[in-house]
Each structure stands twice: as structure tokens, then as C-alpha cells.
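Taken together, the values in this text are just the output of simple stated rules run on the coordinates, not laboratory data. This structure is a prediction, so every number in the text was calculated from the model and none was measured. FYI the Cβ positions are ideal-geometry reconstructions off the backbone, even for glycines, and counts take in every protein chain you see.
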């Protein structure tokens, strides 16, 4: 049971990191878009 808990905890931390990175990327995109530097299309 402890192993399952550790996996869930680790997965949560992993997703927190992913969310943080996505947030950073979104902010970067907004800044580029606002500055008119959107040179690449997603």
C-alpha cells in the first residue's frame, strides 16, 4: 500500500512540474504575442 501511495505522490509532483512549465510557456507566448514577435505558428 505504501508503494501505491509513493507512486501517487510522485505522480502528483510530476504533474505539478508539468503545470508549472506549461504556465511558463503560456506566459512566454503571451509576451511574444503582445510584442508582435509571433514568428512561429503552433
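Stretching the chain fully between residue 5 and residue 21 yields a gain of 3.3 nm (0.36 nm per residue, less the alpha carbon separation).
For a quick check: sort 31, 2 by the number of other beta carbons within 10 angstrom, fewest at the front. Don't jump to the answer; show the numbers that get you there.
Working: 31 10, 2 6.
Placing the least packed residue first, the sequence is 2, 31.
Against the main long axis of the alpha-carbon atoms of the chain, helix 2-35 sits at an angle near 10°.
With contributions of -39500 (n - 2.57) from each DSSP H run of at least four residues, the per-residue ellipticity at 222 nm computed over the chain stands at -29500 deg cm²/dmol.
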